[in-house]
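One structure below.
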Amino acid sequence: MIVNGSADATREKLYMSWKWIQQIGVISEWPDAAVSVLALVVAVLLGLLGYTILFKVLLRLVDRPDTTIQQTLVRRWQKPAKLLLPLLIVILILPALQFPEKLAALLQHVGGLALITAVAWVLTSTIYGLQELVLQRYDITASDNLKARVVSTQVNVLIKITIVLILVVAGATMLMTFDKVRQVGMSLLASAGIAGVIIGFAAQRSLATLIAGIQIAITQPIRLDDVVVVEGEWGRIEEINLTYVVVCIWDLRRMVLPITYFLEKPFQNWTRASADLLGTVTLHCDYRVPVATVRAELQNILAGTELWDGKASELVVLDATDKTVVLRALVSAKNSGAGWDLRCHVREKLVEFLQREYPDCLPRQRIEMDPLSKPIQADG
């Protein structure tokens with residue numbers, strides 16, 4: 001009995017499914033709107049199917065070590081293409097669909113806005129992919145990273161400017177699809193002279209900032225990871241944006257400066273031409289200090305540390321005051337961080353050397369006491 005009941009239920013389901021398929025087949029009896037909605041759904045599904053097939057093929061083709069460029073771009077294109085491909089098919093079939101006039105116009109307008117968005121998305125993804133490809137070839141974390149910092153600064157600033165331009169053009173294009181906006185735009189053309197002057201004054205600061213960003217990208221008074229001294233603070237350039245620059249101070253504070261600051265005010269750039277740097281250590285000693293011995297000890301100290309790059313080392317008598325002589329040790333390092341550590345190391349070791357070997361040559365105060373003169377006696 002149970003078996004027969006199950007068989008009857010199965011036959012009933014098959015019969016209902018067949019009736020549903022028959023109804024689908026008689027598509028000419030459906031209302032035009034229903035047929036159009038079904039066509040839209042089929043178009044979206046076809047677009048998604050085409051997207052899936054296309055990117056499966058592309059990913060398989062670029063899945064090789066020698067196709068780094070293609071891998072990066074295909075990965076960047078995946079998300080925008082998932083919107084763009086179904087949208088293209090929908091826009092192609094929209095004129096043939098039987099929707100009410102107002103609804104058809106609305107769908108075409110929305111489709112146009114979505115197409116502009118998708119194209120802008122594809123362009124920005126392509127630009128970011130190209131940026132990633134360029135920066136992969138330059139290691140900014142290397143010790144000798146001057147070329148990498150040059151390229152990275154130019155690419156980052158120009159990419160940001162390009163992205164802003166794409167967004168502005170896309171936004172303007174989307175606005176121009178609205179009739180009311182076009183009418184307002186046409187009416188403003190009559191007073192273009194006055195409007196141009198007003199806009200020029202209003203946008204003067206913004207345009208100056210944008211031009212400053214372009215100028216810094218080309219002339220490069222600063223680059224990413226440059227060591228600078230600004231406002232009396234030592235730090236590294238951490239970010240260069242279109243309107244501001246972030247400097248990471250040595251104690252991990254962040255100084256945010258307008259980008260025009262680096263074109264209008266003086267500052268120190270310790271890595272403008274190269275990363276290597278000279279450093280000095282100053283010592284005040286007694287006049288009895290053996291300068292030649294201290295000079296030889298400096299060479300021993302530098303030979304025993306990896307912080308010194310072997311390019312420059314010198315010890316001279318910089319000054320002679322009424323109380324001490326001033327010794328200056330000149331040393332070189334491969335970068336500013338190593339230079340700072342090397343200066344501290346040399347200063348510590350020289351002080352230890354003087355304390356251990358020549359403690360009497362450390363600075364001291366001298367006071368000379370003259371004995372009282374004898375009183376002069378008068379002759380007999």
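Would you mind stating whether LEU252 is outside any strand (DSSP E or B) and within 19 Å of the chain's Cα centre (by Cα)? Answer is yes for this residue. Within region 229-240, residues that are closer than 17 Å to ASN335 by Cα and in contact (Cβ under 8 Å) with a residue 12 or more places away in the chain have Cβ atoms under 6 Å from residues that are part of a strand (DSSP E or B) and among the polar types (S, T, N, Q) in these pairs: VAL229/GLN268, counting only partners at least 6 apart in sequence or on another chain.
Residue-wise test of (1) within 21 Å of THR177 (Cα to Cα); (2) modelled with pLDDT of 80 or more.
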residue: LEU54; (1), (2): no, yes
residue: ASP63; (1), (2): no, no
residue: LEU83; (1), (2): yes, yes
residue: GLU101; (1), (2): yes, no
residue: GLY112; (1), (2): yes, yes
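Checked against (1) assigned to a strand (DSSP E or B); (2) of a type in the set (A, V, I, L, M, F, W, C); (3) more than 30 Å from ILE216 (Cβ to Cβ); (4) open to solvent by 20 Å² or more (accessible area, probe 1.4 Å), LEU315 passes all but condition (4). Residues of region 295-308 that are in contact with a strand residue (DSSP E or B) (Cβ under 6 Å, 6 or more places away or on another chain) and open to solvent by less than 50 Å² (accessible area, probe 1.4 Å): LEU298, LEU302. For the structure I just gave you, tell me whether ALA39 is modelled with pLDDT of 70 or more, within 43 Å of the chain's Cα centre (by Cα) and open to solvent by less than 50 Å² (accessible area, probe 1.4 Å). No: the conditions fail for ALA39.
Only one of the numbered conditions (1) more than 39 Å from the chain's Cα centre (by Cα); (2) without any contact (Cβ under 8 Å) to a residue 60 or more places away in the chain; (3) within 30 Å of ARG236 (Cα to Cα) is violated by GLN355, and that is (3).
Considering only residues that are assigned to a helix (DSSP H, G or I) and surrounded by 15 or more Cβ atoms within 10 Å (Cβ to Cβ), which ones fall in region 348-367?
Taking region 348-367 as the starting set, the residues that turn out to be assigned to a helix (DSSP H, G or I) are 348-357, 359-361.
Residues satisfying the conditions are LYS349, LEU350, PHE353, LEU354, CYS361.
When region 256-286 is limited to residues that are part of a strand (DSSP E or B) and open to solvent by 40 Å² or more (accessible area, probe 1.4 Å), the one that is nearest to GLY337 (Cα to Cα) turns out to be LEU277.
The values are calculated or read from the model by the stated rules, or taken from the named source; none is laboratory data. Note that the coordinates shown come from a computational prediction; the quantities given were computed from them, not determined experimentally. As a convention, Cβ positions derive from the backbone with ideal geometry for all residues, glycine included, and neighbour counts pool all protein chains shown. Heads up: the accessible areas ignore ligands, DNA and RNA and are worked out on the full protein's heavy atoms, side chains in. Shrake-Rupley method; radii C 1.70, N 1.55, O 1.52, S 1.80 Å.
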